[in-house]
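Report on one structure; see the data block that follows.
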Amino acid sequence: MATKQSEQQPQSKKPLRVKQMKVNLDFTPRRMIIWLIIGLLFVPFIISMLTSQNPNATPLSQVIADVKDQKIEKIMVTGDSLEIKYTDASQKISQKEPGQNIYDVFSKAEVPLDGVEVTVKDQSMSQILWELALQLVFPVILVFVLGFFILRQAKGAQDGILGFGKSKAKIFVKGKQDTKFADVGGMDEAKKELEEIVDFLKNPKQYQKLGARTPKGVLLVGPSGTGKTLLARAVAGEANVQFLSMAGSEFMEMLVGVGASRVRDLFDTAKKLAPSIIFIDEIDAIGRMRGHGSMGGHDEREQTLNQILVEMDGFTTNDNVMVMAATNRGDLLDPALVRPGRFDRRVMVSLPDLEERKYILSIHAKGKPFEDDVKWERVAKRTVGFSGADLENMLNEAAIAVAREKREKIAFTDIEEAALKVKLGPSKRRLKDRNEREMTAYHEAGHAVIAHVLPNADPVHRISIVSRGMALGYTLTPPEQDKLQQTKSELEDNIAVMLGGRAAEQLIFNELTGGASSDIERATRIARAMVFELGMSKLGPVNMVPEYGDNYSRAMGEPYVISERFKQEADGEVSRIIDEQVQRVKLLLKKYKKSLDVISKKLVEVETLDADEFSALMGVDKAKN
């Protein structure tokens, strides 16, 4: 029998890991100064210790004994130190108690100093001065040095006591602005308005001869991403003047009066650099209508606005200082701010049209390699509603995707995928069961079928049940051309397209889902605009929005200009418009149910359909329904 070994082999011990401390020896000038100050704090203690203790000193009792034995020839007293010279020519050092008299020491020891030469060196004044320096002057110097560094650091961060009232404007030196009007894509009307401003700044005497004055302010109004800030930089570059840029939120602080102080400092700086341009980005942060804030007339924002009003058109003239401002919410600005004499001109910066998008794409395409199949006119037509920032981001996303796949050139499909990513978000391969895929397919097919058969709806560009962002699927119906306004029939058809997905779910599954929430929201928004703003209802052309503000939200202190009964009738009209389009969509889907089934089954199979594939499956053309 094999016997079990009772002895266990010793386990191997793991080596202990000792954490090594890393010492940062990177001595910057600031660190060296800080360590020097800390070292100076200990100088008085070190000096006192060195002067009070001397390990080689002969004890005073031994000196007294040597004097008694007549071995000492001379004693020289310097402060509390004793230099002893013996008869055999040797020398030693001793120490007495501070403030003690050498004669009293030997008198108490009953040892006479008759045969010893005693020399006392008077250092009382120098000792007093040294103690005064250690105890009074040295600490005061240290306090001033530390205070200097603290104030200097606070001033650099603009958060110190002395920096609260200073403006935080970024100053761009004359001649250092490389941005020109040629670098700004599109916006021909806006650039034409601003070219006159540039001519005013370059040739002021030409206009002064005719009695014309330079416009004091130019307000750029438009959606975000359209290039308002870029236009302001182009004006400074073309005019070749000093340019001071500051955001509206940078005027505000917790302390009362700081915003007004920064406004004064900003305009004082601009006057010293005149001729110059002050650019205030997002001016609605401080320029909103007064009297509607929660703090009344003592609101810090209103004080800042009042100071801007005084600086722009007060008793003192600013002929050589022009103010440019940009905002997305021009309707919220105070009337006193936008009146002539302050902001003389309002330049509307709108979304780019087809030709402008082509020009913007040509600017941002520089430095990027593209395949030969990329047609920029086709890309411009597919990007209706994109701002300049959206177009730049689209091409950048396409370049990133190609670099990630380690390809050398950007194809048209990469640009289309990037456009979808910018508009809807990145694609997500979510796990869906068969029932959810079918419901999503019928939902998107409902949108597409209604968009295809209605005469005033935009054509279908792509259908997909691939999730993007928060949406389980999407149906793209971009307009074929830019539209400055829409008719009542077009708005009604748009509402019908948005409600097509929900109606398809109810028709096929006799069930409703939460996937139509965004469709309902957009359809309701259009219907409310038709009733409350555009006068496209039985109530006639009556403006029923609040007197101030927008989005039909009743802000604090903003009264409606209509009665409660009339509002109820308006809400009823909104419901009527929605209900009419719901019934219309149901009839159309029943009529084209066969096409609806074919498209939804194909979507479940391939997930995405392009415009040509969808048109082939539909087999019918647009008609009046």
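A few comments on the model shown:
- Residue match in the stretch 431-440 (condition: at pLDDT below 85, open to solvent by less than 40 Å² (accessible area, probe 1.4 Å) and either polar (S, T, N, Q) or out of contact with any helix residue (DSSP H, G or I) (no Cβ under 9 Å at 6 or more places or on another chain) (or both)): no
- Members of the stretch 336-367 found to be farther than 27 Å from K483 by Cβ and open to solvent by 60 Å² or more (accessible area, probe 1.4 Å), listed by number: R339, P340, K366, G367
- Scanning the stretch 67-90 finds one or more residues that are hydroxyl-bearing (S, T, Y), modelled with pLDDT of 65 or more and not in a strand (DSSP E or B).
- Per the conditions (1) under 20 Å from A336 (Cα atoms); (2) open to solvent by 50 Å² or more (accessible area, probe 1.4 Å); (3) of a type in the set (S, T, N, Q), the sole criterion not satisfied by S224 is (1).
- Enumeration of residues in the stretch 403-442 that are β-branched (V, I, T) and without any contact (Cβ under 8 Å) to a residue 12 or more places away in the chain: T413
- Residue list for the stretch 201-225, filter: without any contact (Cβ under 8 Å) to a residue 40 or more places away in the chain and outside any loop (DSSP other than H, G, I, E, B): K202, K205, Q206, Y207, Q208
- For L60, the requirement of being surrounded by fewer than 10 Cβ atoms within 10 Å (Cβ to Cβ) and either hydrophobic (A, V, I, L, M, F, W, C) or modelled with pLDDT of 75 or more (or both) is not met.
- Checking N510, N456 one by one, the residue that is without any contact (Cβ under 8 Å) to a residue 24 or more places away in the chain, more than 40 Å from the chain's Cα centre (by Cα), farther than 23 Å from G425 by Cα and open to solvent by 10 Å² or more (accessible area, probe 1.4 Å) is N510 and no other.
- Index of the failed condition, K381 passing every other in (1) part of a helix (DSSP H, G or I); (2) open to solvent by 50 Å² or more (accessible area, probe 1.4 Å); (3) under 26 Å from F279 (Cβ atoms): (3)
To keep it simple, each residue is scored yes or no on (1) at pLDDT 80 or above; (2) not in a helix (DSSP H, G or I).
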| site | (1), (2) |
| --- | --- |
| R290 | no, yes |
| G297 | no, no |
| F315 | no, yes |
| N318 | no, yes |
| A336 | yes, no |
| R346 | yes, yes |
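- Positions within the stretch 391-400 being open to solvent by less than 50 Å² (accessible area, probe 1.4 Å) and closer than 12 Å to V422 by Cβ, in sequence order: L391, M394, L395, E397, A398
- Taking (1) part of a strand (DSSP E or B); (2) open to solvent by 50 Å² or more (accessible area, probe 1.4 Å) in turn, D372 satisfies each apart from (1).
The values are calculated or read from the model by the stated rules, or taken from the named source; none is laboratory data. Every value quoted in this text rests on a predicted model; they were computed, and no experiment measured them. All Cβ positions, even for glycine, are placed from backbone atoms using ideal geometry, and neighbour counts span all protein chains on display. Accessible surface areas use protein heavy atoms only, side chains included; no ligands, DNA or RNA. Shrake-Rupley method; radii C 1.70, N 1.55, O 1.52, S 1.80 Å.
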